[in-house]
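Take a look at the structure set out below.
Each value in this text was obtained by applying a stated rule to the coordinates, not by laboratory testing. Here the structure is a predicted model, which is why all the values come from computation and not from measurement. Heads up, the Cβs are rebuilt from the backbone with ideal geometry, glycines too, and the neighbour counts pull from every protein chain shown.
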Amino acid sequence: MNKVILLSGSPRPDGNTFQVLHESLKIIESQGVEAELISLAGKKIQSCIACGKCAELKKCVLNDGVNEIIEKIRNAQGFIVGSPVYYGTARGDLMSLLQRVGKVSGATDHFLSWKVGGPIAVARRGGQTSSIQEMLMFYLMNDMIIPGSTYWNIAFGRTPGEVLEDEEGIQTIRRFAENVAQLIKKIYPEPVS
Ligand SMILES: Cc1cc2nc3c(=O)[nH]c(=O)nc-3n(C[C@H](O)[C@H](O)[C@H](O)COP(=O)(O)O)c2cc1C
């Protein structure tokens, strides 16, 4: 069955980013595509150390849980990333993870190619578009396919759960999730049983 991995880059296990991604998960599942939501809360993600060992190891040399996430992404057709905005940028450890995933993909079998997805950014007041642009660099340089929506994938909220009150933001992100699922079904049609 086709599958989408959704990754929350917030340290708050039930924060706004997680909740927005959970809304996306429900939409994807309603389209008949499997979905799994992973949170970076409690994880200590290191930055790429530029050792180049991924080419021979076929995985990252660092053992902090990123290789397990890489395997989940490798086996999925879709990959959606959500980040809280910190000082107008995506969270640092999330970007470190994306850089390592991209490096392992490029140094091995380019498993990211043709995966469908894109970034979502959540903030109290501002900085979502610059954060989305940062994360888009990962998607666009790794041969991935990004559908649009009715607005950019941004939403507003400060305290956990507040984001669900941003009606337009949630509608935009639900439509994006629907587009990801629809595109996956077109690109990877499953045999009718
Ligand atoms: C260190 C830090 C920096 C932040 N920087 C911004 C910012 O630049 N713009 C903004 O609107 N909100 C900023 N916020 C607020 C968060 O983006 C907001 O609370 C968001 O809902 C957090 O998402 P989460 O619940 O998924 O962790 C910042 C929060 C923290 C902890």
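Stretching the chain fully between Asn63 and Ser47 yields a gain of 4.6 nm (0.36 nm per residue, less the alpha carbon separation).
For the range 155-162, putting each phi into the Karplus relation 6.51 cos²θ - 1.76 cosθ + 1.60 with θ = phi - 60° gives couplings of 8, 10, x, 10, 6, x, x, 4 Hz, in residue order, rounded to whole numbers and with x for Gly and Pro. Could you tell me which of the pairs Lys44/Lys115; Lys53/Lys186; Lys26/Lys53; Lys44/Lys185; Lys53/Lys185; Lys44/Lys186 are separated by over 32 angstrom between their Cα atoms in the structure shown? Result: Lys53/Lys186; Lys26/Lys53; Lys44/Lys185; Lys53/Lys185; Lys44/Lys186 exceed 32 Å. Its alpha carbons considered, the chain gives a radius of gyration followed by a Dmax of 15.8, 50 Å. Annotation: the antiparallel percentage among DSSP beta bridges lying fully within the range 3-187 is about 10. How big is the gap, in Å, between the Cα center of the range 18-51 and the Cα center of the range 147-193? The two parts, judged by their Cα centres, are 13 Å apart.
Among the trypsin sites (Lys or Arg not before Pro) within the range 151-180, those in coil by DSSP and having at most 16 neighbouring Cβ atoms inside 10 Å are Arg158.
If I stretch the segment between Glu71 and Ala55 completely, what's the gain in nm (0.36 nm per residue apart, minus their alpha carbon distance), one decimal?
Answer, rounded to one decimal: 4.2 nm.
Taking square-rooted eigenvalues a ≥ b ≥ c of the alpha carbon gyration tensor, is the range 1-79 rounded, prolate or oblate, where a/c under 1.5 means rounded and, failing that, a/b exceeding b/c means prolate? Here the range 1-79 falls in the oblate category. Across the range 3-187, Cα pairs under 8 Å and at least six residues apart give a relative contact order of 26 percent.
Give, in nm to one decimal, the length gained when the segment between Ser113 and Lys185 is fully stretched (0.36 nm per residue of separation minus the Cα-Cα distance). Spell out each step's value before the answer.
Values: separation 72, 0.36 × 72 = 25.92 nm, distance 1.61 nm.
Working it through step by step, the gained length comes to 24.3 nm.
Taking 16 Å as the cut-off, the amide N atoms of the range 152-183 that come nearer than this to a point 7 Å along the Cα-to-beta-carbon line of Lys26 belong to 161-178.
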